[in-house]
Amino acid sequence: MVLYFSATGNTKYAAEQLAMLLEDESLNLLERIRNGDHSAIFSEKPFVICSPVYVCELPRFLTDYLKKTELCGNREVYFVFTSGGYTGVGGILAGRLMKKKGMIFKGYTELKMPRNYIANDTYPELSEEEIRKRIRNASGRIPVVAESIRKGKILKYRHVWLFELIVTVPFNPVWCRIRQSVKPFHVRDTCIGCQKCAKLCPLNIIRMEDKKPVWTGNYCAHCMSCIQNCPVCAIEYGKITQKKKRYHFRKYGKDA
Ligand SMILES: Cc1cc2nc3c(=O)[nH]c(=O)nc-3n(C[C@H](O)[C@H](O)[C@H](O)COP(=O)(O)O)c2cc1C
Ligand code: SF4
Ligand code: SF4
């Protein structure tokens, strides 16, 4: 069984391709995460968990979900990350988590895909050419990853240095606290009240009031699902997202 969360389609694409090549099923975890549904998941074949990388790790809500959910049947588990190019300590922490659950961790790999984090000015926007190149390269690697999994091999990625653990493990919560406030989210008058943003939020923190979204709470996962999936690009995050192009895998597709 291929399990996945995806905000802007990169991971969904990787998961669905892997499931097809492995002749297995894929399961989108969004509704389970939103509803706090921790009912056990059974898989005859090894589990393959596909996830974006958030601040050098698995998304925290996905870690929490996996901690509480029993994976039964096959004991083996692989991780496949999609990222903007740096998975950091994500694979190491995922391995630890799975070992604690009594699973057999079969390693992880990373597919470098277009970055979707537009509420962040750390990196320049990618050119159309670079976006397409990344998708093409990732598409080419997926069958290789699938073949390794099919043969039961351990997925080997790069060595993670101790300093990466020392720097990124404390960095992640600090970033989330300082940079992931929901306050800058606002909606333009062009909003058509379709509720898509509210339905896609993995944390379920967007409420509709007078047919407009309202972000509740203080912080969120910054997954970018609301902002990137709005059909009329009505959502902004402070001034950071103004004039920035929106990204979703579906705009490019596998034939990028
Ligand atoms: C909050 C957030 C943090 C991110 N942090 C990283 C990161 O540390 N390293 C990286 O390479 N990419 C990072 N990214 C980029 C995503 O991992 C990447 O674009 C991913 O493929 C998106 O997957 P999706 O389209 O399935 O949602 C981040 C994206 C978001 C939204
Ligand atoms: S997805 Fe966009 S148009 Fe739809 S309710 Fe949310 S902000 Fe409005
Ligand atoms: S509010 Fe938007 S960015 Fe934040 S977790 Fe929900 S969907 Fe993701």
Margin query: Among the residues of the range 147-181, what is the count of those that are in a helix (DSSP H, G or I) and either open to solvent by 100 Å² or more (accessible area, probe 1.4 Å) or farther than 13 Å from Gly107 by Cβ (or both)?
Written below: 20
Next item on the list: Would you check which residues across the range 191-217 are small (Gly, Ala, Ser) and surrounded by 12 or more Cβ atoms within 10 Å (Cβ to Cβ) and list them?
Entry: Gly193, Ala198
Check: Are any residues in the range 99-127 more than 16 Å from ligand 2 (Cβ to nearest atom) and among the β-branched types (Val, Ile, Thr), and if so, which ones?
Finding: Ile104, Thr109, Thr122
Next item on the list: Take the range 89-118 and flag every residue that is outside any strand (DSSP E or B), open to solvent by less than 40 Å² (accessible area, probe 1.4 Å), at pLDDT 95 or above and closer than 17 Å to Cys56 by Cα.
Entry: Ala94, Gly95, Leu97, Met113, Pro114, Asn116, Ile118
Note to self: Going by what's in this entry, would Ile118 be described as touching a Ser or Thr at 6+ places or on another chain (Cβ under 8 Å), closer than 26 Å to Leu93 by Cβ, in the same structural domain as Cys50 (by TED's automatic domain parsing) and touching a residue at least 24 places away in the same chain (Cβ under 8 Å)?
What the structure shows: yes
Next item on the list: Those residues that are surrounded by 22 or more Cβ atoms within 10 Å (Cβ to Cβ) and either outside the structural domain of Thr8 (by TED's automatic domain parsing) or over 11 Å from the mean Cα position of the chain (by Cα) (or both), I need them from the range 67-82; list them, please.
Entry: Val77, Tyr78, Phe79
Margin query: With the structure loaded, tell me whether Val214 is closer than 28 Å to Asn172 by Cα and out of contact with any helix residue (DSSP H, G or I) (no Cβ under 6 Å at 6 or more places or on another chain) or whether it fails that test.
Written below: yes
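Condition check ((1) touching a helix residue (DSSP H, G or I) at 6+ places or on another chain (Cβ under 8 Å); (2) of a type in the set (D, E, K, R)) across all residues:
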position: Leu21; (1), (2): yes, no
position: Pro46; (1), (2): yes, no
position: Phe61; (1), (2): yes, no
position: Leu71; (1), (2): no, no
position: Glu76; (1), (2): no, yes
position: Ile92; (1), (2): yes, no
position: Pro114; (1), (2): yes, no
position: Ala119; (1), (2): yes, no
Next item on the list: Could you please find all residues in the range 5-59 being aromatic (Phe, Trp, Tyr), open to solvent by 10 Å² or more (accessible area, probe 1.4 Å) and within 16 Å of ligand 3 (Cβ to nearest atom)?
Entry: Tyr54
Item checked: Condition met for Tyr86 (touching a Cys at 6+ places or on another chain (Cβ under 8 Å) and either surrounded by fewer than 18 Cβ atoms within 10 Å (Cβ to Cβ) or outside any strand (DSSP E or B) (or both)) -> yes
Notebook entry, point to check: What number of residues within the range 98-137 satisfy the criterion of being hydrophobic (A, V, I, L, M, F, W, C) and farther than 28 Å from Asn229 by Cβ?
Noted result: 4
Checklist line | Qualifying residue in the range 231-239 (condition: under 24 Å from Glu16 (Cα atoms), open to solvent by 60 Å² or more (accessible area, probe 1.4 Å), in the same structural domain as Pro124 (by TED's automatic domain parsing) and at pLDDT 95 or above) | finding: no
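The values are calculated or read from the model by the stated rules, or taken from the named source; none is laboratory data. Predicted, not measured: the structure shown is a model, and the values here were computed from it. Using ideal geometry, Cβ is built from the backbone for each residue, glycine included, and neighbour counts are taken over all protein chains shown. SASA here: full protein model, heavy atoms, side chains in, ligands and nucleic acids out. Shrake-Rupley method; radii C 1.70, N 1.55, O 1.52, S 1.80 Å.
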